[in-house]
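The values are calculated or read from the model by the stated rules, or taken from the named source; none is laboratory data. Since this is a predicted model, take the numbers as computed values, not measurements. Heads up, the Cβs are rebuilt from the backbone with ideal geometry, glycines too, and the neighbour counts pull from every protein chain shown. Surface areas here come from the heavy atoms of the whole protein model, side chains and all, with no ligands, DNA or RNA. Shrake-Rupley method; radii C 1.70, N 1.55, O 1.52, S 1.80 Å.
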Amino acid sequence: MTRKSASTTSKKSVMTNRVYPLISILAILALWECLSVFEVVPGYMLPSPAQTVEAFIGDFWLLMSHLKVTLLETLLGTVMGVVIGYGSAMLMDRWEPAYKAVYPIVVLTQTIPAVAIAPLLVLWFGYKMMPKIILIILITFFPIVIGTLDGFRSADKDAINLMRSMGASRWQIFKHIKFFNALPNFFSGLRITVAYAVVGAVLAEWLGGFAGLGVYMTRVKKSFAYDKMFAVIFLISGISLILIWLVNVLQKKCMPWENAETITRKRDENRWIKN
Amino acid sequence: MHKLETKNITMKFGDETIIRDITISVDQGELIGLLGVSGSGKTTLFNCISGIYTPVSGRVILDGKDITGTTGHISYMLQKDLLLPYKTIEDNVALPLLIRGVPKQEAREQAAEHFEEFGLEGTQKKYPKQLSGGMRQRAALLRTYLFSDDVALLDEPFSALDTITRSRIHRWYLDVMEKINLTTVFITHDINEAVLLSDRIYIMSGKPGEIRSEIKIGTPRGKRQNFDLTDEFMEYKRQIVALLDEREIRDEDTSHI
């Protein structure tokens with residue numbers, strides 16, 4: 001097979017990967033539109049996709065003003081959760097007593113449902129931004145600390161021994177081996193974290209607040225404006241997807257060796273197909 | 001005075017003695033093979049020499065100084081090439097210099113001076129996964145050399161390579177060792193490799209591991225073109241096989257007592 005045809009095969013496979021999910025999404029939207037148009041489900045209970053888009057456009061600027069608040073909470077909570085999570089992972093990796101003392105508490109925090117703790121946070125810290133940020137920290141902290149700690153601890157023991165034989169300090173071993181070894185786990189944790197963070201912010205706003213997409217949701221729910229409800233649900237979902245995509249972009253930038261590996265693998269595959 | 005000596009090194013893990021009373025000596029520029037069956041404690045001996053382990057008794061002497069249990073004096077290349085997948089080749093080989101505190105750019109420049117000598121031209125900006133097994137070994141060897149151009153311990157440096165690549169890299173290795181004059185002790189399971197590359201061979205066997213014999217290879221390293229096809233080479237092989245067999249049989253006999 002020639003190089004040109006090998007590259008065409010590869011492009012075709014990329015296209016196929018994108019076309020199938022697109023077809024299934026369009027099919028679901030079409031089915032949903034039919035259910036609404038033919039009133040299989042009453043319109044006030046299930047607005048059609050067209051009505052949802054209409055509601056989104058109608059309330060666009062209002063949604064954006066609420067989105068600003070939700071995004072700010074998400075950003076602050078995520079950054080703080082990541083910093084605390086990463087710092088805790090470093091501490092637990094460096095100091096065994098800290099691991100033994102903190103790890104069970106970290107796990108315990110995750111057994112308490114966010115829905116149960118959110119009203120308490122509102123009660124203790126009021127209706128402003130503080131309880132939302134604390135809830136997001138609690139939600140985002142866990143995937144970061146567990147993933148990163150696992151990355152630190154799974155570093156190649158032989159590589160560490162090699163560094164030790166060169167006289168490397170603990171910090172140098174961290175800087176040259178553990179830090180990089182934990183990066184894939186860290187980014188996996190971060191992907192989960194950003195999606196959870198948006199949901200966490202909305203949940204906290206839902207339970208009490210003055211602004212944010214959660215507050216907007218409670219208002220439209222009370223006025224039975226389900227088209228607006230659907231519009232905000234899709235907006236939240238879209239924001240989560242964009243944040244996950246941004247994490248993927250960041251990961252590619254921070255881990256260029258992964259791209260090099262992919263390029264080499266593809267080159268080898270093409271060579272194999274060619275032969 | 002020898003370049004490197006171990007004097008009566010004994011190492012235990014718990015109650016189990018892994019190596020006992022190991023005494024070896026290496027002179028400046030020598031290439032010493034350490035040959036033995038699996039489990040005879042060769043890697044443990046290397047970990048003691050490099051300072052990763054502190055032996056329960058015995059001493060490691062480098063240039064007349066006692067360096068027992070201290071790291072950072074002798075370069076060490078482990079079984080795997082252990083090139084860090086997230087660093088480019090130039091940063092991988094410059095790692096020992098960075099650990100020593102040399103600024104990054106200066107470390108890269110120092111490393112770059114040796115790329116041609118080690119047959120690594122054009123690989124500076126590549127990642128380890130983009131190189132073949134043989135090239136990776138060369139890079140790992142350059143990293144070992146940059147840590148110390150004095151004494152190196154190589155733990156089965158070529159065992160992961162296929163036969164053809166290994167044979168090529170043996171020739172290359174002998175050439176490069178002539179140029180850099182690195183005092184080296186290397187572990188191998190391969191009798192051919194030991195005879196082909198070494199000036200002297202220590203044979204380890206038993207549990208706990210002990211030095212059983214020492215064989216000096218008469219033909220100088222510089223005159224070993226097609227050495228592996230000569231009668232002399234075969235004679236060394238026969239001698240080593242006999243020594244290993246004799247030991248293994250004796251060990252098995254005593255293990256029933």
> With every protein chain left in place, what is the accessible area per residue of the range A:140-215 in square angstrom, probe 1.4 Å?
Replying inline: 36
>> Suppose a student asked you for the relative contact order of chain A, using Cα pairs under 8 Å spaced at least 6 residues apart; what percent would you report?
In response: 26
>> Counting only helical runs of four or more DSSP H residues, what would the 222 nm mean residue ellipticity of chain B come to if each run contributes -39,500 (n - 2.57) and the total is spread over all its residues?
In response: -11000 deg cm²/dmol
> What do you get for Rg/Rh over the range A:53-158 if you use C-alpha atoms and the Kirkwood form of Rh?
Replying inline: 1.13
> Say each of A:W61 and B:E121 gets a label point 7 Å from the Cα, pointing the same way as Cα to Cβ; how far apart are those two points in nm?
Replying inline: 6.7
> What number in nm² do you get for the range A:93-236 if you take the convex hull of its Cα atoms and divide its surface by four?
Replying inline: 10.6
> So how do A:M217, A:M130 rank on accessible area, 1.4 Å probe, biggest first, that is with the largest at the start?
Replying inline: A:M130, A:M217
>> Taking the Cα centre as origin and putting +1 on Lys and Arg beta-carbons and -1 on Asp and Glu beta-carbons, what dipole magnitude results for chain B, to the nearest 20 debye?
In response: 580
> In terms of modelled amide H atoms, which long-range or inter-chain residues lie less than 5 Å from the amide H of B:I211?
Replying inline: B:T23
> chymotrypsin sites (Phe, Trp or Tyr not before Pro), restricted to the range A:193-235: which are DSSP loop and have at most 15 other Cβ atoms within 10 Å?
Replying inline: A:F210, A:F224
> With heavy atoms of protein chains only and a 1.4 Å probe, what residues of the range A:162-187 have at least 50 Å² less accessible area in the full set of chains than alone?
Replying inline: A:L162, A:R164, A:S165, A:M166, A:H176
>> Principal axis extents for the range A:57-117, Cα atoms only, whole Å, descending order, please.
In response: 56, 25, 13
> If you take every DSSP beta bridge whose two residues both sit in chain B, what share of them, in percent to the nearest 5, is antiparallel?
Replying inline: 50
>> I need the Debye-formula profile for the range B:80-147: one equal scatterer per C-alpha, no solvent, reported as log10 I(q)/I(0) at q = 0.16, 0.23 1/Å, two decimals.
In response: -0.42, -0.91
> Which number comes out as Rg/Rh for the range A:133-182 once both Rg and the Kirkwood Rh are worked out on C-alpha atoms?
Replying inline: 1.18
> How much area per residue is accessible in chain B when the probe is 1.4 Å and only protein heavy atoms are counted (Å²)?
Replying inline: 44
> Expressed as a fraction of 2.2 N^0.38 Å, the rule-of-thumb size for a compact globular protein of N residues, what is the C-alpha radius of gyration of the protein assembly as shown?
Replying inline: 1.34
> Across the residues of B:118-129, average count of Cβ atoms on other protein chains within 10 Å?
Replying inline: 2
>> Full-extension gain between A:V83 and A:D156, please, as 0.36 nm times their residue separation minus the C-alpha to C-alpha distance.
In response: 23.8 nm
>> Checking the table B:K12/B:K179; B:K125/B:K179; A:K100/B:K129; A:K157/B:K3 against a 27 Å threshold on Cα-Cα, which pairs fail?
In response: B:K12/B:K179; A:K100/B:K129; A:K157/B:K3
> How fast does chain B diffuse by Stokes-Einstein, in µm²/s, taking the Kirkwood radius from C-alpha pairs at 20 °C and 1.002 mPa s?
Replying inline: 112
>> Using a 1.4 Å probe and counting only protein heavy atoms, how much accessible surface gets buried when B and A come together, both sides summed, in Å² to the nearest 100?
In response: 2100
> To the nearest 10 square angstrom, what accessible area does A:R191 show with a 1.4 Å probe?
Replying inline: 60
> How far is it, in nm, from the label point at B:K179 to the one at A:N17 when both lie 7 Å from their Cα along the line to the Cβ?
Replying inline: 4.3
> How much space per residue, in cubic angstrom, does the convex hull of the C-alpha atoms of the range A:103-157 take up?
Replying inline: 73
>> Viscosity 1.002 mPa s, temperature 20 °C: what is the translational diffusion coefficient of the range A:139-214 from Stokes-Einstein with a Kirkwood Rh over Cα pairs, rounded to a whole number of µm²/s?
In response: 149
> Using modelled backbone amide H atoms (1.01 Å from N, in-plane), which distant-in-sequence or interchain residues come within less than 5 Å of B:F186's amide H?
Replying inline: B:I32, B:G33, B:L34, B:L154
>> Let's see if you can work this out: charge +1 on each Lys and Arg Cβ, -1 on each Asp and Glu Cβ, no other charges. What is the dipole magnitude of the protein assembly as shown about its Cα centre, in debye to the nearest 20?
In response: 1800
> Sorting A:S65, B:S75 by accessible area (1.4 Å probe), largest first, what list results?
Replying inline: A:S65, B:S75
>> I need the semi-axes of the equivalent ellipsoid of the range B:1-139: take the C-alpha gyration tensor, multiply each eigenvalue by 5, square-root it, list largest first in whole angstrom.
In response: 32, 17, 14
>> Could you compute Rg(Cα) / (2.2 N^0.38 Å) for chain A, with N its residue count?
In response: 1.28
> Which translational diffusion coefficient, to the nearest whole µm²/s, is obtained for the range A:8-103 from the Stokes-Einstein equation, given a Kirkwood hydrodynamic radius over C-alpha pairs, 10 °C and 1.306 mPa s?
Replying inline: 85
>> So if each residue of separation counts as 0.36 nm, and I subtract the Cα-Cα distance between B:K65 and B:K207, what length gain in nm does that give?
In response: 48.2 nm
> How much of the accessible area of the protein assembly as shown, probe 1.4 Å, is carbon plus sulfur, in whole percent?
Replying inline: 61
>> Helix-only mean residue ellipticity at 222 nm, chain A, DSSP H runs n ≥ 4 weighted -39,500 (n - 2.57), per residue, nearest 500. What is it?
In response: -29000 deg cm²/dmol
> So what's the convex hull volume per residue for the Cα atoms of the range B:124-199, in Å³?
Replying inline: 96
